[in-house]
Structure formats: structure tokens, C-alpha cells
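Input: a single structure, listed below in C-alpha cells.
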Amino acid sequence: MRIKPPLTPTLIVIVGLLTISPVLMLAVGSFSEGFGTFGNFTVDKYVEAYTDPELIAVLWNTLIFTLGSAAVATLLALFLSYTNTRTNIPFKFFFGIISIVPMMIPHILFAVSWVLLLNPSNGILNRVMMDLFGLDRAPFNIYSLPGMILVEGLLDLPIAYLIIAPAMSAFDVSLEESSKVCGASPLRTLTRVTLPVLRPAILASVILVIVRCLASFAVPSVIGMPGRIYVLATHIYRIISTGFAADYGKAAAVGMSALAASILLIYLYRYLTSESGKYVTISGRGFKPALIDLKNSKVPLLGVVGLLSFVLIVLPVLVLFYTSMLPYVMVPTAKAFSQMGWKNWTDVLRDPISVLALRNSLTLGLVGATLGVILSIFVSYVIVKVRTTASGILESLSFLSFSFPGIVIGVGFMWFFVRTPLYATVWALLIGYIATYLPYGIRPLSSAFVQIHSHLEESSRVCGANSFTTLRRIVIPLLVPGILAGWILMATMFVRELTLSVVLSRPGSEVLAVQILRFAEDGLWGRLSALGIIMIFLSSFLVIAASVLGRKLAKRDSLED
Amino acid sequence: MEIRIAGLTKDFSSEGKRIRALDHVDLTIPANRIFTLLGPSGCGKTTLLRCIVGLESPDSGEIAIGDEIVLSKERSIFVPPEKRGLGMVFQTYAIWPHMNVFDNVAYPLKSRNTPMEEIRIRVAKALAFVQMEGFETRPSTKLSGGQQQRVALARALVAEPKVILFDEPLSNLDAKLREETRKELRRFLTELNITAVYVTHDRVEALALSDRIAVMRAGRIVEVGDPKKIYFRSDSRFVADFIGRANLLRGRVVMLEDAHAVIDTDIGTIVGLNSQKIAPGQEAVLCVRPEFIKLAATGAAGGRNIFRGKVETLLFTGEAYEGEIRIGDTLVTTTISPTVPVAEGGELFLSFDPDHCFLLPA
């Protein structure tokens, strides 16, 4: 497989345009008075943004929110991966489910389901508790920092688990055993050996969750804003969406520090994960750690794990479906069940904006993921197979967007698109999506390319196949699993995309998540739930369809003459 | 088919430095023989193989396979690998994981648009030849290392190539399987009567498999010859040292005796073969392999090529003792029969076989 040299520069230009231009426009925008006076240098917006008396509270909230969520997610992940790899707990398949399935449920719907359960005025769980114990005040208030931290922590648990679990299972148990032989108590072994050896993985998990929380918009907007708790993302949102005039200059000025913090953290994360090789102790022999016999604590632990998977997967869907069938939110009683009907569903399907949003999101998912994967194929090829200095630049460029907080980069794109005919079209969203989520396509494809040893291509040439046949018969079929994984990841991300869309979506280019946010702001919980369930179905349908198609493609090729 | 290589040169640039992988290589690989390119890693042997097959393009030189010139820099001829009609077994075997055994072996025939009926017959024949019949529908990911190796061989043979090339095909197998496969490969290739070019860094493999060996070093061919010539009467000190364990003793030639010469070394005067006709008074190196240094009876003291030594270390390896004997200030390695009563620190007499001591230019 040989592609002519201009490929690398071309890709650098494309990826550079996608990732650098919004950052550049954000920077230029932050030094401008407004869209009208673009380019006249001024620091007014910085002065305005950073002398804002509310900023201190916002930064404090952001700090507590990100650190708290990172702690919740990482501690839960440590608990889960330890019980999975080190104890004889039954039903280990639960752990796989917990780590993968919650990614399918869009964050905004997860946040909404908790609002429906625990809001102080008519939260279902609050009402039940009040009836049961005769309380006159709701026992829980989700509209609080602890509420935000709990929900965000649960949402980021899969990410933390995917980082910590491999490190835990690669851990060489003899390190612990030798500590025990040296006379250390189990607690001392845990604190002096196990946790220090896992430190890079734990740190990596904490940093990645902090970056995700900085970028998170669903929880801060659905849970934080009704409780008047603003973090950076919602602070920026407030600047551009409320008041008489949206102030994109000030938003850009605030966004610059959020972006800087994110980029810094991501580079720290990459440094840690590249360094972690010397800590993670993988030994070649197939050791099997002696499992800790849980004895009496087996049932309670299993209960905790079961509860977690229920809370993470079943509960949100259940609550949403229940709410979608009711005229207003109420406690599940005989009365509630007698009032159930499909009215919310028909309302949503008759609502022209919801239908438009559905169509836009589907288009963005299908077209965006396809274009994104095609770009990822070329970029991964250059990163993995060409391996020149220029391809190193391309790699850094394409991973830059991994650190982008959606709303900040959305403001950057706004400055960019407002001067082009793309403004307020679905295409603006498409370009923004691909730019922001490019790493999600590149990662599975680069690992697919890594697996294609150059000998596999060379031996095809020696067997008499020309380079085109080699590409068609050897390289592409071997790439199919990677292409499929990249496509599914991108398509599901695009169908549920909220943070970028909330800035770039305009009348006519509505998308599902933004429409759901509008319903939440108006308190239309029934319609919201109906649309939410449709959204979950749409993502699941795309995943299943892509897998079936991919399997067919792979089969057809092997039978082909 | 004979392969003729002339003036082949190839440079690689790595981290700004230019490395000469092949340095004006001239070589004729005889038809229907097993020809081995042997050398330490980085000597250019794999690069030479890849030039023959067409996966590398040299900077200058010419390669002809049979009557066809497949590469000539001067005449701007470059036949791509798919048009050279060769077979190759890669170090990693390069079995395509998304195809089953049949599809892997059928691939070269399909690429040449062979009719399906004929493909079936020839694939079955190739698989039978490597004793893998019945494995047609097995997914290639479900094959052991040895089986992958056979499938790779079947795939290389199925299109009846003019030449078959091997790039260290046994280096990924474990020691026991490697020995068995070596024997089988030798049998397969002798049966086929085909030109085979084999690359390895393993001297035992090269000696056991080959009809002819070319030893390479730093991009050049150092010596070409049959295994016995390379082992017993190598022309070069590097080759003598590389092909097997050797005691190399520096000295000066004192006098000639027909085919032999007497050389004065640190341990005394030794008689050895002087096939390179090194003149008296010249510096030379005497090479003797451990198995040709034998224990001698005490009564032989003072005789020709007999030396008195002290056992410095003694390692029991099962089939023999491996002894390091100090003669004067020099340590000599020898193999001693395991039944002989010797002990570390003991004294003994060693006899150097004059017909297996050979002189090399210093």
C-alpha cells in the first residue's frame, strides 16, 4: 500500500483547519469587541470577564464539581475493578455491562432522570419518602453541588473503569505477596504497595474525569442551573444565551482559560499514560492471582454491584419511559397507572421542531460518522504506517481536540462560522462534530492499522497481487472491525451531541439533545421523556445496523473469488 | 533457476545518518539448490532477500532471475514483486487472519486468475505436500505456530514459483519444533528440486539446511562455500569465528611442511593446515574448534601438538564437559567426554589435531 507523498501535508492542512482554526478564532474573538468589530484589538472583554464578581463563585463551584466527580468516579472504579479481578464475586459479566452500556445512554437523559427522581418539589423518590415517613420537606435536593457531583461521577464511572481495570488486571500479584511475606498487614500492603503501583492509572483516571467534567454541560445545565449553581460551562452558556445581547467576546475570554486548563491536563494525561509503562507490571507468564474468598461479604458486595448497574442502566430508562406515559410527574400509584397514555409521544411526533431535530440528528449521525471515519482512516494510516516527522505533527494535531470543552470550542466555531454562509446550517454542526470527535475515530482505526503487519501486505504482493488488489483483499477487510468501531462510536456521539450543539444550533438546525434541553427548561418532562426514549432507540438502532452490515461485509469478502 | 546479482548497493537513512545496507554485492545463486545467506543481525542479508523479491529497490546494481532481468538501475528496469513469480515465507508467516487456510493458500492462484477447478486441485496438492490436508476450512487464527509455518510454505509453493525465498522462517518456533521443522524443510526442498534462498542468523540452521552458504558482514559477502568448507576450512577469521565455536591463537609462521605449516604461538609451536599458503615469517591466526582438541595420555608429553594444561572451569552439559583449560597464560576451550574423570584444578595433556587446525591471515 503506497500513497503518494502529498497525503501527509494535505491531511495536516485539513486536520489543522478543523482543530486549530476554532482555537485561533476563539483567541482572536476574545480580543475583539463583538462579531461586528472583528479584528480590532481590545482587552476590554478580558477585563470585563475577569473582574466579574460572580467569576470567583463560578471557579470555586467548578473546582468542587470537577474534583468531587473525579473522586466519586475513580473510587467507584477502583472498588469495581478490585472486586472484579481480585475476589471470587459471582456474575462477573456485570462488570463488563457497567463499563460499556452506560455510554449508550445520553448524559442529558441520565441527568434528567435523576431530576425526575430527586427534585425537591415533585421528585418521585422524594414524594415516596415523604409519604412513607410522614415528612413535610423533601429529604433530597438534587439541585445542589453534591447532587451534581453524584450524577456526574456516575456518568464518568465507565471512563475511569476502562482506565483502572486493565492496570488492575495487569498488576503482578507477587509484589503484594512479597510485601505480605515481609510481614506487612493487609492494610499496609494496600497503602504501601498496591495503591502506589497503581498510582499512574489512578492519576490518569482522575485527570481524564476532570477534563470531562470541565467539558460537561448536561449535568451543569439540567441540574446546576435550576439550583443557581454555575460552573464554567454554564457560566459561558449564560453569557451567550441570556440577557439582551449575547456577548461572544466575553464568552471567548472566559473560554480561553477553560481551554488552556483542558489542554494542559490532557498533555499531563498523555505524559502519565506514556510513562506508565515502567509502573505497570505485566509479566509474561500466565499468572492467576489468588482470589480473595469473600465468604459472608459476598451477598452485600453483590448487592452493591447490582444496585450500581441498576442505577446506571435500568433506572434512567425506566424513569423516562414511566414519565413519558403520564400527563404530569407523579408517584407510581394505581391512580398514576390509570392515567397512562401515549399523548406525549403523539405530541412529540406532531411537534415540527422535534421532528426536524430528529431528522437533523439522524443525518448528522449517518453523514458525520461516515465522513469522520473516512478522514480517520487516512489520518491513522499516516500516523501508524508513514511515521515521519510530519506524521508526528499530524498525531499531535488530531489529539488536540480530545481536550476541547465542547461549549468553548463551540464559541470558537461561532466566531469562525459567523463570517461564512455555513452559519446556522446543519453543515456548521457537521464540521464542528468531526473536528471535536476526531480522536474517537482515530483511536480504533490506529489500533487496527497497528495490527496489520507490513508482512501481510508484502506477502500479498509476492503472491502476485498488485497494490490495488492488496488494498481491497487484505488491508480493507482487516480494517473493517476498526472502521466499524470508529463509525459506531462517532455516530452515537453525534446523535446525542449537546455541548457543541448548544452553541452552534440555530432555528432550522435544531438537534435532539438541544431540543431535550429546551423541554427541560420549559418543564415539559413528558415530551422530553418520549423524545429521549426515541433518541436511545435511534442510537441503539445505529449500533445494531452498523454491526450487522459490518459482519455481512466481512463475510462477503471471504467468499468472493 | 539461477539468480545473478551484480553490483547491488543500497543505503538506508535512519535518524539523519546514512547506513550502507548492501555494499556492491556480487553473487550467483545456483539453480535448484538450497542457498543460505548467513550473518549477524544488521549484516544486510534480509535486505538482499527483499531486493531479490522486489520489496526493496536498491540504489544501483542488477538482478537477473533465470534469463529475465528483474532489476537494473542502469537500464531503469524494475519488475514489481507481483510480476516476479516468486514464493516467499516471511519471518512472521504473514498468514492473513481474515481468511481460512484454503483462502490463504489459494490467494496466489486467484491473483493469477486460475480457474476455480484447478485452484481446488492445486491447493489440495500443496496442503497434502505440507501434511495439512483436512485443514482447508480452519480459520487461520486457530493455527499453531508450526501449522502457520506449513500454511505459509504451502502458499509459497502453490503457484509453482521459479524460486522460493525464506526470511528466518524458523525463528518464531520453539527449540524442539525448530529442529523438527528444519529436518522437514530440508526434505521438502530436496524433493521439490527448486531454487531456495534462505536467510538466517542461526549457524546450526545454516549448516544443517544448506547446499551452499554465503556469509555476510556489513553489507558485503565475506565467503561463499558448501557447509563443510565453511566450517572446516574457512578462508576468513570472521567466518571461522562466526560459524562455530573456535579457539583463535595468534602467532608467526616458522616453517612450511607440504600442506602444513608450523606456527609459533603463545602456548608453543603448533602444526596446522596452511591452505592459504601463508609464507614463513608472516603473522597468522591458528583456528581450532573445541571438538578437535582431545585429551592425550600422560606419556605423550613432549610430542607434536601436545600441551600441558590446568583445568580452569568445567561445565557439565549432559553430552559432554565443556572445559576451559589454561595453557600458560592462554585459555583454550575444549569438549571432554563426560565419562573421563577430570576435575577443576586438575592437570592434563591436550592434543591438537593437525588436520583440523587451520591457519588464517591475521
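The values are calculated or read from the model by the stated rules, or taken from the named source; none is laboratory data. Small disclaimer: the values here were computed from a predicted structure and weren't measured. Glycine also receives a Cβ, built like all others from the backbone with ideal geometry; neighbour counts cover every protein chain displayed.
So here's what we get for this one:
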item	result
Some residue of region A:97-114 being aromatic (F, W, Y), touching a Pro at 6+ places or on another chain (Cβ under 7 Å) and surrounded by 14 or more Cβ atoms within 10 Å (Cβ to Cβ)	yes
Test set (1) more than 22 Å from the chain's Cα centre (by Cα); (2) more than 14 Å from chain A (Cβ to nearest Cβ); (3) closer than 27 Å to B:L192 by Cα - B:V79 fails condition number	(2)
Top-ranked residue of region B:283-321 - restricted to ones that are outside any strand (DSSP E or B) and surrounded by 15 or more Cβ atoms within 10 Å (Cβ to Cβ), ranked as farthest from the chain's Cα centre (by Cα)	B:N305
When residues of region B:139-155 are limited to those that are more than 13 Å from every other protein chain (Cβ to nearest Cβ) and not in a helix (DSSP H, G or I), the one surrounded by the most Cβ atoms within 10 Å (Cβ to Cβ)	B:L143
Residue count for region A:81-110, restricted to those that are over 20 Å from the mean Cα position of the chain (by Cα) and in contact (Cβ under 8 Å) with a residue 12 or more places away in the chain	12
Filter pass, B:G66 being more than 22 Å from A:I452 (Cβ to Cβ), of a type in the set (G, A, S) and at the interface with chain A (Cβ under 8 Å from one of its Cβ atoms)	no
Any hit, region B:42-60, residues being within 14 Å of chain A (Cβ to nearest Cβ) and loosely packed, with under 14 Cβ neighbours inside 10 Å	yes
Every residue from region B:185-213 that is in a loop (DSSP other than H, G, I, E, B) and surrounded by 15 or more Cβ atoms within 10 Å (Cβ to Cβ)	B:I194, B:H201, B:D202, B:S210, B:D211
Filtered residue count, region B:102-130, keeping only those that are closer than 25 Å to B:L170 by Cα and within 12 Å of chain A (Cβ to nearest Cβ)	7
Those residues of region A:97-120 which are modelled with pLDDT of 85 or more and in a loop (DSSP other than H, G, I, E, B), in sequence order	A:P106, A:N119, A:P120
Residue list for region A:1-18, filter: within 18 Å of A:Y423 (Cα to Cα) and either modelled with pLDDT of 90 or more or crowded, with 16+ Cβ neighbours inside 10 Å (or both)	A:L18
Qualifying position, being crowded, with 21+ Cβ neighbours inside 10 Å and in contact (Cβ under 8 Å) with a residue 12 or more places away in the chain, among B:T9, B:T36, B:T28, B:T92	B:T36
Lone qualifier among B:A297, B:A208, B:A218 - being closer than 30 Å to B:F12 by Cβ and among the aliphatic types (A, V, I, L, M)	B:A218
Residue tally, condition out of contact with any Gly (no Cβ under 8 Å at 6 or more places or on another chain) and without any contact (Cβ under 8 Å) to a residue 40 or more places away in the chain, over region A:124-145	11
Which listed residue is in a helix (DSSP H, G or I) and modelled with pLDDT under 75, from A:S283, A:S276	A:S276
Residue within region A:334-354 that is buried (at least 22 other Cβ atoms within 10 Å of the Cβ), within 24 Å of the chain's Cα centre (by Cα) and not charged (D, E, K, R) present	yes
Which numbered condition B:A128 fails, given (1) of a type in the set (G, A, S); (2) in a helix (DSSP H, G or I); (3) under 26 Å from the mean Cα position of the chain (by Cα)	(3)
Lone qualifier among B:L256, B:L249, B:L286, B:L273 - being touching a Phe, Trp or Tyr at 6+ places or on another chain (Cβ under 6 Å) and more than 23 Å from B:G44 (Cβ to Cβ)	B:L273
Any hit, region A:287-302, residues being modelled with pLDDT of 85 or more, in a helix (DSSP H, G or I) and either polar (S, T, N, Q) or within 22 Å of A:L524 (Cβ to Cβ) (or both)	no
Subset of region B:82-101 (residues that are at the interface with another protein chain (Cβ under 7 Å from one of its Cβ atoms) and part of a helix (DSSP H, G or I))	B:E82
Number of the exception - B:V70 against (1) touching a helix residue (DSSP H, G or I) at 6+ places or on another chain (Cβ under 9 Å); (2) part of a loop (DSSP other than H, G, I, E, B); (3) crowded, with 21+ Cβ neighbours inside 10 Å	(2)
Hey, A:S396 without any contact (Cβ under 8 Å) to a residue 24 or more places away in the chain, among the polar types (S, T, N, Q) and either at negative phi or assigned to a helix (DSSP H, G or I) (or both) or not	yes
Region B:134-149, residues that are within 31 Å of the chain's Cα centre (by Cα) and within 11 Å of B:F102 (Cβ to Cβ)	B:S140
Any pair with Cβ under 6 angstrom, 6 or more apart, that starts in region A:439-464 at a residue that is more than 25 Å from A:S401 (Cα to Cα) and within 13 Å of another protein chain (Cβ to nearest Cβ) and ends at one that is assigned to a helix (DSSP H, G or I) and among the basic types (K, R)	none
Out of A:R212, A:R228, A:R188, sole residue that is surrounded by fewer than 24 Cβ atoms within 10 Å (Cβ to Cβ) and within 27 Å of A:N122 (Cα to Cα)	A:R228
